[in-house]
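*Asks:* Quick one: the structure is below, questions incoming.
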Amino acid sequence: MHITFYKSSLCPRCYLVKQHLLGFLSDNAGAKLEEIDILKHPARTWSDGVRMIPAIKIGANVLSSVWLGKKDVIDFLTSQRANLP
C-alpha cells in the first residue's frame, strides 16, 4: 500500500498525524509512506487535489480535515487496505 502524506513543517497537527501514520506503518510492513511538503511542492499538492492539510491519500481516496485524530487515521488506512485487491 502506497500512502502519500501531505504536510507542512509549520503545521503542528501534521506532526500528530505523522505519529499516527508511523504507528500504523510499524505494524504493516508492506505499507510505504511518501511525504509531500506542501510549501516545497505546491503544484504537485494542487494537482493531486489536496486543498487542506494534514491530508492522507491512497489511490484516488483522500482523508483531510482540520483535526484528524488517531481513530480517523487508522480507520481510513484500515478501510483502504481492505479495498486493495
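Every read-out reported here was derived from the displayed coordinates using simple, explicitly stated rules and does not represent laboratory data. Small disclaimer: the values here were computed from a predicted structure and weren't measured. Positions of Cβ are generated from backbone atoms using ideal geometry, with glycine treated the same way; all protein chains shown enter the neighbour counts.
*Asks:* Please find, in a Gaussian network model of the chain (springs between Cα atoms separated by less than 10 Å), the residue of Leu68, Leu39, Leu21 whose mean-square fluctuation is greatest.
*Replies:* Result for the chain, Cα springs under 10 Å: Leu39 fluctuates most.
*Asks:* Mind checking region 9-85 for trypsin sites (Lys or Arg not before Pro) that DSSP puts in a loop (not H, G, I, E or B) and that have at most 16 other Cβ atoms within 10 Å?
*Replies:* Lys40, Arg51
*Asks:* Sticking with this one: Would you calculate the separation in nanometres between label points at Ser79 and Lys40, each defined as 7 Å from the Cα along the Cα-to-beta-carbon direction?
*Replies:* Reported label-point gap for Ser79 and Lys40 is 3.1 nm.
*Asks:* Could you work out the relative contact order of region 2-82, using alpha carbon pairs under 8 angstrom and six or more residues apart, expressed as a whole percent?
*Replies:* 40
*Asks:* Could you run the Karplus curve 6.51 cos²θ - 1.76 cosθ + 1.60 with θ = phi - 60° over region 3-20 and give me ³J(HN,Hα) per residue in whole Hz, x for Gly and Pro?
*Replies:* Coupling constants for region 3-20: 10, 9, 10, 9, 8, 9, 5, 8, 9, x, 5, 5, 4, 5, 5, 4, 4, 5 Hz.
*Asks:* Sort Thr78, Thr45 so the one with the fewest other Cβ atoms within 10 Å of its own Cβ comes first.
*Replies:* Sorted ascending by nearby Cβ count, the order is Thr78, Thr45.
*Asks:* For region 2-82, with only Lys/Arg (+1) and Asp/Glu (-1) charged at the beta-carbon, what is the dipole magnitude about the Cα centre, in debye rounded to 20?
*Replies:* It comes to approximately 100 debye.
*Asks:* Here is a further query. If the reach is capped at under 18 angstrom between alpha carbons, list the lysines near Lys32, excluding any in the same chain fewer than eight residues apart.
*Replies:* Lys7, Lys18, Lys57
*Asks:* With labels modelled as points extended 7 Å from the Cα through the Cβ direction, what inter-label distance (nm, one decimal) is found for Lys71 paired with Leu10?
*Replies:* Between Lys71 and Leu10, the label points sit 3.2 nm apart.
*Asks:* Calculated from DSSP H runs of 4 or more alone, at -39500 (n - 2.57) each and per residue, what is the 222 nm mean residue ellipticity of the chain, nearest 500?
*Replies:* For the chain, the value works out to -12500 deg cm²/dmol.
*Asks:* Something else: Which one of Pro12, Gly49, Gly23 has its Cα pushed farthest toward the positive end of the charge dipole of region 2-82, where Lys and Arg give +1 and Asp and Glu give -1 at the Cβ?
*Replies:* Value: Pro12.
*Asks:* So I have [x] 1.00; [y] 1.76; [z] 1.29, and one of them is Cα Rg over 2.2 N^0.38 Å calculated from this model. Which one is it?
*Replies:* Working out Cα Rg over 2.2 N^0.38 Å from the coordinates points to [x].
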